[in-house]
Amino acid sequence: MKAMIIANPSSGKENALEYIEQIEAILKEKGYDSTVKKTEKELDATNFCQDACTSDFGLVVSLGGDGTLHETINGLVDQVHRPKLGIVPLGTVNDFARALNIPLDPDEAISLLASDNTKNVDIGKFNDRYFVNIVAVGAIAEATYDVTPEQKTKLGPLAYVLEGLKELTSNRTYPLTIEYDEKKWEGDSLLFLAALTRSTGGFEKLTPEARVDDGMLHCYVIKQVNMIRLASIATAILRGELKEEEDVEYFTAKRLKVSSQDPLVTNVDGEQGDQLPVEMEVKPSHIQVIVPEN
Ligand SMILES: Nc1ncnc2c1ncn2[C@@H]1O[C@H](COP(=O)(O)OP(=O)(O)OP(=O)(O)O)[C@@H](O)[C@H]1O
């Protein structure tokens with residue numbers, strides 16, 4: 001059996017290469033011959049992973065942050081043969097690993113690679129690319145672009161939360177039309193979220209209803225609200241009860257289209273996405289990921 005280790009030497013604390021021997025050793029015990037591929041630039045992980053799929057590899061390990069993981073998954077999704085995926089998180093946020101209960105400690109995540117326990121996880125299609133966590137539309141969605149690498153290193157996930165809260169208080173709304181399955185929502189919205197998992201920006205209670213393998217996009221529209229209601233929504237988020245708020249519309253969908261008369265950009269798994277209109281769809285239980293039991 002063949003395994004490919006896709007390592008980004010620049011991720012997190014720039015120490016990915018220190019873990020390679022340890023990973024090779026554990027995979028050897030499982031009967032894998034490992035090939036190590038080091039990324040040098042954007043899209044390398046996608047191309048390496050596509051090669052692994054077409055060359056009949058049984059396992060691909062992503063060793064890096066969320067960016068490397070997304071690029072790896074984007075190389076996997078459209079293929080007929082999709083190897084199992086192992087994740088060793090080295091980034092600052094590691095949302096997908098959090099959502100799957102994969103240890104954030106690299107040594108523990110490497111030990112997990114010996115496990116045969118896997119989960120078939122949903123993937124979201126967003127226009128012609130894929131996402132694993134969340135799509136956001138609104139001012140807070142643009143806030144993550146303002147987080148500097150220095151803030152990220154110093155504050156970790158909190159940098160996104162702080163930047164996001166700052167934007168929320170600006171209370172800017174946008175007219176949105178959301179067509180989902182056979183239904184439609186239209187109105188002014190402060191923030192629209194479509195989540196596949198419960199973890200966003202390192203914050204694990206924003207969208208607690210979302211399960212990684214339920215085949216659904218969990219959608220939350222925060223409507224136009226006054227400052228007092230906004231404070232109530234903020235505390236509801238902290239309690240993991242966003243959907244209970246009266247100014248929040250919650251629904252699930254298998255596919256949806258979001259449009260607006262305003263030229264709004266989107267945020268897809270923390271990266272800048274296409275401008276509206278956009279279409280999304282769930283590919284249910286599409287990739288097999290090594291995860292802890294329970
Ligand atoms: N050798 C390299 N040097 C610089 N950048 C690289 C290299 N290889 C890949 N990249 C790019 O680095 C991007 C970010 O990597 P990744 O997300 O793994 O690390 P990170 O930014 O430290 O993690 P996080 O986003 O969780 O903080 C990747 O999306 C990829 O395009």
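Heavy-atom accessible area of MET1 with all protein chains present, probe 1.4 Å, nearest 10 Å²?
Spelled out: MET1, probe radius 1.4 Å, area about 130 Å².
Using the Cα centre as the reference, give the magnitude of the dipole from point charges on the C-beta atoms of the range 2-116 (Lys, Arg: +1; Asp, Glu: -1; all else neutral), rounded to the nearest 20 debye.
For this selection, approximately 200 debye.
Could you sort SER62, SER232 by accessible area so the largest value comes first, with the probe set to 1.4 Å?
SER232, SER62
How long are the semi-axes of the equivalent ellipsoid of the range 188-294, defined as square roots of 5 times the Cα gyration tensor eigenvalues? Whole Å, largest first.
Whole-Å semi-axes of the equivalent ellipsoid: 24, 20, 12.
For GLU204, what is the net charge nearby, where nearby means another residue's Cβ is under 12 Å from its Cβ and Lys, Arg count +1, Asp, Glu -1?
After counting each charged neighbour, the total is +2.
When the Cα centres of the range 37-100 and the range 247-290 are compared, how far apart do they sit, in Å?
The range 37-100 and the range 247-290 have Cα centres separated by 21 Å.
Which of the pairs LYS13/LYS125; LYS41/LYS84; LYS184/LYS257; LYS84/LYS205 have their Cα atoms more than 21 Å apart in this structure?
Exceeds cut-off: LYS13/LYS125; LYS41/LYS84; LYS84/LYS205.
Using a 1.4 angstrom probe on the protein heavy atoms only, line up PHE48, PHE192 by accessible area, largest first.
Correct descending sequence by accessible area is PHE48, PHE192.
Taking the alpha carbon gyration tensor of the chain, what are the square roots of 5 times its eigenvalues, largest first, to the nearest whole Å?
Semi-axis lengths for the chain are 34, 20, 17 Å.
Report, largest value first, the span of the C-alpha coordinates of the range 2-116 along each principal axis, in whole Å.
32, 31, 25
At 222 nm, what value in deg cm²/dmol follows for the chain if DSSP H runs of at least 4 each add -39500 (n - 2.57) and the sum is divided by all its residues, to the nearest 500?
For the chain, the value works out to -7500 deg cm²/dmol.
Which values of log₁₀ I(q)/I(0), to two decimal places, follow from the Debye formula for the range 54-122 at q = 0.23 Å⁻¹ with a uniform point scatterer at every Cα?
-1.09
The values are calculated or read from the model by the stated rules, or taken from the named source; none is laboratory data. Everything quoted here is computed from the prediction, not taken from an experiment. Cβ sites come from the backbone with ideal geometry, for glycine too, and all protein chains shown count toward neighbours. Side chains included, ligands, DNA and RNA excluded: accessible areas come from the protein's heavy atoms. Shrake-Rupley method; radii C 1.70, N 1.55, O 1.52, S 1.80 Å.
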